[in-house]
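The values are calculated or read from the model by the stated rules, or taken from the named source; none is laboratory data. Predicted, not measured: the structure shown is a model, and the values here were computed from it. Ideal geometry is used to build each Cβ from the backbone, glycine not excepted, and the neighbour counts take in all protein chains shown. For accessibility, only protein heavy atoms count, side chains too; no ligands or nucleic acids. Shrake-Rupley method; radii C 1.70, N 1.55, O 1.52, S 1.80 Å.
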Amino acid sequence: QVQLVESGGGLVQAGGSLRLSCAASGRTFSSSMGWFRQTPGKEREFVAAISWNGRSTSYAESVKGRFAISRDNAKNTVYLQMNSLKPEDTAVYYCAQTQMLLIRTRPGEYDYWGQGTQVTVSS
């Protein structure tokens, strides 16, 4: 089993920045990691993903140029740097791990999930 714990969420003004972290423990392995977000009444949506070695990344159109995903395999940690935040970025952000090596963008392709961290962007 893999346990994922997110941190770094909070309240920020529009235009500000936050850095989310996701620490993995348990039976960890090098595989694709992703960030998703969800607001009440809506389905969980893809935000960003990174391949097992960090060489490939993928982003939702809505966050391209503002968010950056990275990972440190030595620390079993994945990060999401969020800049130029907008009120519409407000959501619970989830870290997820798939057993696949290459990038995956659909929630159903991920096997393990964190508990989520709230990000609120005020206007």
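What are the residues in region 98-119 that are at pLDDT 95 or above and touching a helix residue (DSSP H, G or I) at 6+ places or on another chain (Cβ under 9 Å), if any?
W113, V119
Given the conditions (1) farther than 21 Å from D111 by Cα; (2) modelled with pLDDT under 95, and given that S84 satisfies all but one, which numbered condition is not satisfied?
Single failed check for S84: (2).
Of (1) open to solvent by 40 Å² or more (accessible area, probe 1.4 Å); (2) under 21 Å from E109 (Cβ atoms), S31 satisfies all except one. Which?
Unmet for S31, out of (1) open to solvent by 40 Å² or more (accessible area, probe 1.4 Å); (2) under 21 Å from E109 (Cβ atoms): (1).
Would you confirm whether any residue within region 42-59 is assigned to a helix (DSSP H, G or I), open to solvent by 80 Å² or more (accessible area, probe 1.4 Å) and modelled with pLDDT of 95 or more?
The answer is no, given that none of the residues of region 42-59 is assigned to a helix (DSSP H, G or I), open to solvent by 80 Å² or more (accessible area, probe 1.4 Å) and modelled with pLDDT of 95 or more.
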